[in-house]
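Here's the structure we're looking at; comments come further down.
The values are calculated or read from the model by the stated rules, or taken from the named source; none is laboratory data. Bear in mind the structure is a predicted one, so any value in this text is a computation, not a measurement. Cβ placement follows ideal geometry from the backbone for every residue including glycine, while neighbour counts extend to all protein chains displayed. When the accessible area is computed, the model is the full protein with side chains, heavy atoms only, and any ligands, DNA or RNA have been set aside. Shrake-Rupley method; radii C 1.70, N 1.55, O 1.52, S 1.80 Å.
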Amino acid sequence: MTQLFLAFARTGLSTGALVLFFALLTPLMRKKYTAGLRRAVWLLLAVRLLLPFSLFPAFLFPGKEAPVQIELPAAVAETVAPLRHPGDEAALDLGQPPSEVGHALPAGEAHPENADAAAGGQPGAVPPPGSPQAENSGALPALLPQKPASPVPAPLSPLGIAALVWCCGMLLFLLDQLLRYALWRRQLRRWDLPLSPKLEQAVDRAAQVVRLRRPPPAFGNDRIHTPMLTGLLRPVLLVPPQLAEDPGLPLMLRHELTHALHRDLFWKGLLLAVRALHWYHPAVWLLCREAEQDIEYACDEAVLRRSSPLTRAAYGGALLAVAGMNARVPALTTHFSAGGRSMKRRLEALFSQQGKRRGGALFLCAALLTGLLGGMVGCGVEEETAPLSSSASSLSDLPLSAPTDAEPSFSYYASTEQGLFQTIPLRDQTNAPLNQLIYSDFSSGTTGPLCPDPDCDHLHAGCPALFPATDMLLMGVVADRLVLAYSSQWPQDPSLLSDCEFPPYTLCVETMALDGSDRRPLVTLRPVEAEPETGYAATHLYFPYTFSDGSFLYLCASPSFAQPGHALFTLLRVSLSTGETEPLQDVFEPCLGVYSGHLLLGGIDWQRGELRLEAVPLEGGMRRQVYCDYYGQDSGYFRDGSTLYLTNSALGTLKKFDLLTGEETLITDQLPPLPDRASQRCYLPTQVIDQKLLFSVSFDDSSSLSLNIKRWAVDLETGKVSEFVFLPPEQSHMEPFWHQTIFAATADALCYSVPEESGFSSHLVLADKASFWAGEPQLRYLANAPGK
Amino acid sequence: MRSPIAHLPDSELAVMQVFWRAGKPLTRPEIDAGLAGQKNWTVSTVVALLIRLENRGFVSHEKQGRGYLYRPLVTQEEYLAAESKTLLGTLYGGDPKNFIAALYGGGALSGEDIRELQEYLDRAKRGDG
């Protein structure tokens, strides 16, 4: 026991010095590094403290133990004083067998021979009655001189007493803690009850968000005020049922499940063991306190990674609400109490997470230092690396979602092989904006509101074709359902508007069957005041910045109050199957799109004359450049998924650049020369349809002195360039001289709109594909949309 | 004057919890329904527990139709208050922090602290904190 005590004491001394070193660095680490890193460093030190077989390399740090000595409380210091004698430390060398440690102690204090002499001659040095060592020594006084190297320390040795005190203290501490826990949990277990379906759903959602595959079993419990995770071996999540309606609940649950993900209860148990082993060591208590604090900070950090200031504020609010549940009478002082100060620091940390480093290098330094100071050898190193790697994994990037291309894109129209979906803006009786969803059927040629009820007048609330969309309605067809996203002004509560620079919007995503039936809300995101959890979405919907990859919808939502320094948008990801919405990252500039798990940023830098595109993984991570090349007045580009099309009118080239592989292919260098008096010097590709890239150039027609237009299509397979028009030759005077979008391509036809003779409205037409690409389109007019 | 509230064994507490969750007097089938999924007790067990609870002064019964209506006499708050006054409750009233991961594990904050922190939070939310 004495040897074990000595071994742990030595570990305590060396690692204690390191703890103090890192504690001094704490303010710096708080500022520069993430809580995850600090947590990892503390836990590394804690693991180190559990390993007793290190020895202080005296040759490396001869006088190092002196400052640690001061740390010990007076009573304990007196008991263990012989251990920390300077000469003593020098003798505790690596190569010395543990059994001989007793010999190294200075004469007159703990030397076995001296102790024997004392036992034999001095009655004043009799050991405490009842101690087993005392009885033992009394029986064997004559034997001891013959066994000078006995591992059993002399009965009167202060070291032995210290070891005994240490052991008793350890047992008492453990007993107290375990008993306390067992009683508490037993009391509480009587109140466990099954979760209500609503709470169960909330727990499942939170587990999905934090990516916890196997969430711990969860119970309701009337006796607690805040959700908690408890249990060392098999953690259990307890949720107070009265929080079911609390807006902060999802964030609280995410916090708890993140603890489960980090296995924080295991680490807390480990810290408890460390405290039990080194209960007399103030530096160890300091370590445990800091570690527990940083475990919380790291959890906050993980929950709020990539979230907007609004979510952070909502989280802070939930934190305060929990802390305030047992609020006492107002204190007389205006300063924070100790709890208040630490809470303030925690709240501050919520808002200062950006720009901190994860500090892999620092962690390695800490690991090395711990290993070096602890004199780790052989198996010691291996034992240490296991927990190290598990801590480090929590710091590493999360894996990317399965890469899929950014199709189908969302736009103000959507199409299938059978028909086209569009919207027309309307106003209701109170002059509030509405959007009506209309469907044009290609085979029957009819157009009308997308409502399966033949008796509906399509003008009153309840008609599935009516949407209270303030602006444009965005849609796409995903998995044989129509997905619609729109924002509508937050209803009519002026008190909510006072705080906002822009009126807040509700952002809705709904799905419906392609025949207009079974319209269902997928997710509704409200301004922060109404629902703190989804506060990041108090927003407009930005039309060019809405993307889909078939299983998710990506929305660039702007906070309802834009502040300098705040993100321009929060990129939200909405699962099209569950409606689960999570903020992915803050975006500080307009984004170009999503492709293969990446967000595309950047654009044309006219000053440098280059096009520079950069990509950030959607889950967060390093931003890197994916394309950078010359871009001048003669250049044009268009992106389709992960493919970039680049034209150069001076060289007559069209190139294709793959953003994933970096591969560049020349499609053709035979682009036609620009017409005379062209209104721009470049070809601007505008659309890829039917395996063809379309581009057009308008020019002053010298013969008619009016604006005219030339359109070309490049076959992406063969590189063949052909001219095309939207109207047959006899109607060429009506040809629109702007870029015209082709809404849909079916197997044998293209769908687009052409101006009516009067010029004030337009008709939807189907053009026979073969004749269209031959430059003489044969048109079939579809019935006009009502209201147009 | 009612006799002091006794500490209930687990099984009797489970029955009382059904009353407290329902918040109204219950018939025995209703109690059975409330216990479903947690305990698999026979009718006679539940009746025995109700009799014991009645002897302790926790419930009373009155005739209703063909059966009885059982009425809780002790509220959950009263019971919890009494339970926390026991010796163990006094000794080990606090939560064992080492075994819990909760959103906030510190001591209670004063109302003043909370108010100041809320102000800080509001400032931070507006972006000038």
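Where strands (runs of 3 or more DSSP E) fall wholly inside segment A:589-677, the ranges with 2 or more residues that are among the hydroxyl-bearing types (S, T, Y) are A:624-630, A:635-640, A:643-648, A:664-668. The C-beta contact set for segment A:299-321 (first residue facing another protein chain (nearest Cβ under 8 Å) and assigned to a helix (DSSP H, G or I), second residue open to solvent by 10 Å² or more (accessible area, probe 1.4 Å) and polar (S, T, N, Q), distance under 7 angstrom, 6+ apart or interchain) comprises A:L320/B:Q118. All of A:G662, A:G593, A:G641, A:G597 fail the test of being among the small types (G, A, S), under 27 Å from A:T718 (Cα atoms) and open to solvent by less than 10 Å² (accessible area, probe 1.4 Å), apart from A:G641.
Residues of segment A:732-788 that are touching a helix residue (DSSP H, G or I) at 6+ places or on another chain (Cβ under 8 Å), at pLDDT below 80 and outside any loop (DSSP other than H, G, I, E, B): A:P755 alone.
Reported count of residues in segment A:577-587, each being out of contact with any Phe, Trp or Tyr (no Cβ under 6 Å at 6 or more places or on another chain) and open to solvent by 10 Å² or more (accessible area, probe 1.4 Å), is 6. Residue check: is A:R328 open to solvent by 30 Å² or more (accessible area, probe 1.4 Å) and either facing another protein chain (nearest Cβ under 8 Å) or modelled with pLDDT of 75 or more (or both)? Spelling it out, A:R328 is indeed open to solvent by 30 Å² or more (accessible area, probe 1.4 Å) and either facing another protein chain (nearest Cβ under 8 Å) or modelled with pLDDT of 75 or more (or both).
Within segment A:193-223, being more than 22 Å from A:A302 (Cβ to Cβ), more than 8 Å from chain B (Cβ to nearest Cβ) and either buried (at least 17 other Cβ atoms within 10 Å of the Cβ) or aliphatic (A, V, I, L, M) (or both) holds for A:L195, A:L199, A:F219, A:G220, A:N221. The set of residues in segment B:47-61 that are in contact (Cβ under 8 Å) with a residue 12 or more places away in the chain, more than 16 Å from B:Q76 (Cα to Cα) and aliphatic (A, V, I, L, M) comprises B:V47, B:L49, B:L50. The single residue among A:L287, A:L320, A:L310, A:L304 that is among the hydrophobic types (A, V, I, L, M, F, W, C), open to solvent by less than 10 Å² (accessible area, probe 1.4 Å) and closer than 17 Å to A:R341 by Cβ turns out to be A:L320. Can you tell me which residue is surrounded by the fewest Cβ atoms within 10 Å (Cβ to Cβ) among those in segment A:676-694 that are at pLDDT below 85 and basic (K, R)? Within segment A:676-694, the match that is surrounded by the fewest Cβ atoms within 10 Å (Cβ to Cβ) is A:R677. Only one entry of A:P673, A:P729 meets the criterion of being in contact (Cβ under 8 Å) with a residue 40 or more places away in the chain, open to solvent by 30 Å² or more (accessible area, probe 1.4 Å) and out of contact with any Gly (no Cβ under 6 Å at 6 or more places or on another chain), and that entry is A:P729. Within segment A:229-256, the residues that satisfy the criterion of being at pLDDT below 85 and either acidic (D, E) or part of a strand (DSSP E or B) (or both) are A:E245, A:D246.
Taken together, the residues in segment A:453-475 that are out of contact with any Cys (no Cβ under 6 Å at 6 or more places or on another chain) and either within 21 Å of A:T546 (Cβ to Cβ) or surrounded by 18 or more Cβ atoms within 10 Å (Cβ to Cβ) (or both) amount to 10. Scanning segment A:338-371 for residues that are at the interface with chain B (Cβ under 9 Å from one of its Cβ atoms) and at pLDDT 65 or above gives A:G340, A:R341, A:S342, A:M343, A:K344, A:R346, A:L347, A:E348, A:L350, A:F351. Within segment A:157-168, the set of residues being touching a residue at least 40 places away in the same chain (Cβ under 8 Å) and either open to solvent by 30 Å² or more (accessible area, probe 1.4 Å) or closer than 11 Å to A:F5 by Cβ (or both) comprises A:P158, A:L159, A:G160, A:I161, A:A162, A:A163, A:L164, A:V165, A:W166, A:C167. When the residues of segment B:15-39 are filtered to those that are touching a strand residue (DSSP E or B) at 6+ places or on another chain (Cβ under 7 Å) and over 19 Å from A:R190 (Cβ atoms), the one that is most open to solvent (accessible area, probe 1.4 Å) is B:R28. Among residues of segment B:40-68 being open to solvent by 50 Å² or more (accessible area, probe 1.4 Å) and assigned to a strand (DSSP E or B), the one that is farthest from the other protein chains (Cβ to nearest Cβ) is B:K63. For segment A:445-487, filtering for residues that are among the polar types (S, T, N, Q) and under 16 Å from A:A414 (Cα atoms) leaves 1.
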